[in-house]
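Notes to accompany the following structure.
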Amino acid sequence: MNGRIYGIGVGPGDPGDITLKAVRMIRESDVLIFPRRELDKCRAYRIVRQAVPEACGIRTYGFEFEMVRDEDKRKRARHEIYDAVKELVLAGKTAAFITIGDPALYSTFSYIAQLAQRDGIETRAVSGISSVTACANSLGISLGDEGEQVHIIPDTGDIEEALKLPGTKVIMKCGRDVKRVKELLGKREGISVYGVSDCGTAEERLYIGTEALPDEGIYMLTVFVKDEQKEQ
């Protein structure tokens, strides 16, 4: 009998944010898959190790998930990872992909799940706290009020057009291009700017205003751009 594949969200960084359901599903898994080959440098691994100590006794694999812009390279990497996991699942093992944040939001697990479902393999996703909501709560700001729109921008490739959207813009993982983002934001009026880096970890930092944003060097940086609200 075939096993199954879980996609388990463990939140953005704080082990205290992992859900009870996620803890239970990790304990029930035969194999844990992490998105870094070097586990000591993997944030998802550090979260699980602290929140579920007994996970240290579960068989563990680390894979490098290609984050390059070349779509063909990303596809090849996903297929290689899936093929390795598929062999375990066909042997009856339950494999859990551990993902930062929530598996439904820009997660490699969604692609792995598609491949598995084509092969008739059962998949299941377990919600985690997303970095979008966790960062907003750390800042003490609302993502959206009344009819205000919320737009999640996954990268900075088309940032100039994205900034024209109404309501709240959430720019994820923009640390590598934050200097250009700051320059563009500095030219705009009628906006409020906030940022959070390394949310949920001991290194978490909050930034209020465009000039407060770091100039470089922080990959896990989320920036919020809100249209200034008129006084009620």
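The values are calculated or read from the model by the stated rules, or taken from the named source; none is laboratory data. This is a predicted model, so every value here is computed, not measured. Quick reminder, even Gly has a Cβ in these numbers, built from the backbone with ideal geometry, and neighbours come from all protein chains shown.
Among all residues of the stretch 50-72, there is none that is buried (at least 19 other Cβ atoms within 10 Å of the Cβ), outside the structural domain of T201 (by TED's automatic domain parsing), in contact with a strand residue (DSSP E or B) (Cβ under 7 Å, 6 or more places away or on another chain) and under 23 Å from V132 (Cα atoms). Counted as qualifying within the stretch 161-213 are the strands (runs of 3 or more DSSP E) with 1 or more residues that are over 30 Å from P15 (Cα atoms), namely 191-197. Residues of the stretch 50-95 being part of a loop (DSSP other than H, G, I, E, B) and modelled with pLDDT under 90, which ones? Within the stretch 50-95, F63, E64, F65, E66, M67, V68, R69, D70 meet the criteria.
Scanning the stretch 1-21 for residues that are outside any loop (DSSP other than H, G, I, E, B) and either touching a Cys at 6+ places or on another chain (Cβ under 8 Å) or within 24 Å of S197 (Cα to Cα) (or both) yields I8, G9, G11, P15, G16, D17. Do we have any residue at all in the stretch 184-196 that's touching a Gly at 6+ places or on another chain (Cβ under 6 Å) and of a type in the set (S, T, N, Q)? The answer is no, given that none of the residues of the stretch 184-196 is touching a Gly at 6+ places or on another chain (Cβ under 6 Å) and of a type in the set (S, T, N, Q). The residue that is surrounded by the fewest Cβ atoms within 10 Å (Cβ to Cβ), among those in the stretch 28-49 that are outside any helix (DSSP H, G or I) and basic (K, R), is R37. State which residue is farthest from S107 (Cα to Cα) when the search covers only the stretch 185-206 and only residues that are among the hydrophobic types (A, V, I, L, M, F, W, C) and surrounded by fewer than 16 Cβ atoms within 10 Å (Cβ to Cβ). Across the stretch 185-206, the extreme among qualifying residues is I191.
Inside the stretch 195-207, can you point out the residues that are in contact (Cβ under 8 Å) with a residue 24 or more places away in the chain and within 14 Å of L139 (Cβ to Cβ)? Matches in the stretch 195-207: G195, V196, S197, D198, C199, G200, E204, L206.
When the stretch 6-31 is filtered for residues that are under 20 Å from Q117 (Cα atoms) and either under 18 Å from the mean Cα position of the chain (by Cα) or not assigned by TED's automatic domain parsing to the domain that holds Y111 (or both), the ones remaining, listed by number, are Y6, G7, I8, G9.
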